[in-house]
Structures are given as C-alpha cells and as structure tokens.
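The numbers here are math on the coordinates, done by the rules we state, and not lab data. Predicted, not measured: the structure shown is a model, and the values here were computed from it. In this analysis, Cβ positions are derived from the backbone assuming ideal geometry, glycine residues included, and neighbour counts consider all displayed protein chains.
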Amino acid sequence: MKNITNLTEKTVDELNNIIKFNEKFRARKRAEAILLSYKGKTVNEIIGILDLQKQAVWKWFRNFEKNGIESLHEKPGRGRKSPLRDLNIDEVKAIAINCPSVPIVNARIREKFNIKVSNETMRKFLKNLQIKLDSSKKSTTKET
C-alpha cells in the first residue's frame, strides 16, 4: 500500500469533520494523515507536515484500510487505570461528607485505603461522584 486511495465523498466528508470538530487530538491527526495521503502526499511528506513517526503513519494506514473511520478513534480502556476505581463509593462519600476540603479527603482516603493520588485527581474523582466541597475550611460539604 503506497497511498490511501478510493475514498468515497462521504468518507472524505467524515474525515474533514473529524479534523474540524473532534475533541481528540490523535483522531484529528490520524484523519489529517489519511486525507493528505488521499491527496497524493507521500509518507515522508506527511511525517514532515504533521511531525510524526513513519511507523505510526504506516500503522494508521493499515488500520484505516482494515477498519475504516473507526480505526481513527481510541479504543475504550486504554491508558492507566485510576487506583480509585475499586473503592467503595459509599465509604468515599461518607469520608467526603465530613471533610471541608479535597486535601483533607485525600489524606483520609490515603490513610484508610493506602492509595496515593494527587489532590487534582481526587477533586476530579469527587466531581464524578457529584460531591462538591466548599472552598472555605469552615463549611461542610454538599452532595449535588
């Protein structure tokens, strides 16, 4: 396979939409590489334009030939898993309800479960649980 060929107008439109509107950087880069190839650019030109590795571009091309547009998107489950994912949500909520700030919640979670995460990670975790901590240390927490 030298270049991506035989794209339908619909596929070209989908690729352009991914480039313009997709929130994921990697999907946009992959779509752009596919379109540049379709427009006749060589792999060496594409890696120069998009600042990529040659092996990555070839892999994207092979995946695109095999799986189409779906190959541009990350598969679920990739990346490092949070150590917080296995915690008992009710216990976390009980701890958070009685704490005035994220650092204090984080310290208590660390003591109880021996899990170390940053305060920012803990803040995001609590936000996903819909637990909002007030900013002042005097106030109590709220569940929203």
Looking only at lysines whose Cα falls under 25 Å of Lys41's and that sit 8 or more positions away or on another chain, we get Lys2, Lys10, Lys20, Lys24, Lys29, Lys54, Lys59, Lys66
Which longest uninterrupted range of the chain lacks any trypsin sites (Lys or Arg not before Pro) assigned by DSSP to a loop state (not H, G, I, E or B) and surrounded by at most 15 other Cβ atoms within 10 Å?
-> 40-77
In terms of modelled amide H atoms, which long-range or inter-chain residues lie less than 5 Å from the amide H of Ile4?
-> Tyr38
Roughly how tilted is helix 119-128, in degrees to the nearest 10 and between 0 and 90, from the longest Cα axis of the chain?
-> 90 degrees
Name the residues whose placed amide hydrogens come within less than 5 Å of the amide hydrogen of Cys99, ignoring near sequence neighbours (fewer than 5 apart) on the same chain.
-> Thr141
Karplus 3J(HN,Hα) series, Hz, for the range 12-19 with 6.51 cos²θ - 1.76 cosθ + 1.60 (x for Gly, Pro) = 4, 4, 4, 4, 4, 5, 4, 4
Once both labels are modelled 7 Å past Cα along the beta-carbon direction, what's the Glu74-Arg26 spacing in nm?
-> 0.6 nm
Express the relative contact order of the chain as a whole percentage, based on alpha carbon pairs under 8 Å and six or more residues apart in sequence.
-> 17 percent
In sequence order, calculated HN-Hα J values of the range 56-63 (Karplus, 6.51, -1.76, 1.60; Hz; x Gly/Pro) | 5, 5, 4, 4, 4, 4, 4, 5
To the nearest 20 debye, what is the magnitude of the charge dipole of the chain about its Cα centre, counting +1 on the Cβ of each Lys and Arg and -1 on the Cβ of each Asp and Glu?
-> 420 debye
Theoretical ellipticity at 222 nm over the chain - DSSP helices of four or more residues, -39500 (n - 2.57) apiece, nearest 500 = -17000 deg cm²/dmol
Add +1 for every Lys or Arg and -1 for every Asp or Glu among the other residues with Cβ under 14 Å from the Cβ of Lys24, and state the total.
-> +3
In Å, the Kirkwood hydrodynamic radius of the range 9-72 over pairs of distinct alpha carbons?
-> 11.6 Å
Along principal axes, largest first, the alpha-carbon spread of the chain in whole Å comes out as 64, 27, 25
Whole-Hz couplings from phi, Karplus 6.51/-1.76/1.60, listed for the range 22-39; x for Gly and Pro | 6, 6, 8, 4, 4, 4, 5, 4, 4, 4, 5, 5, 4, 5, 4, 5, 4, 7
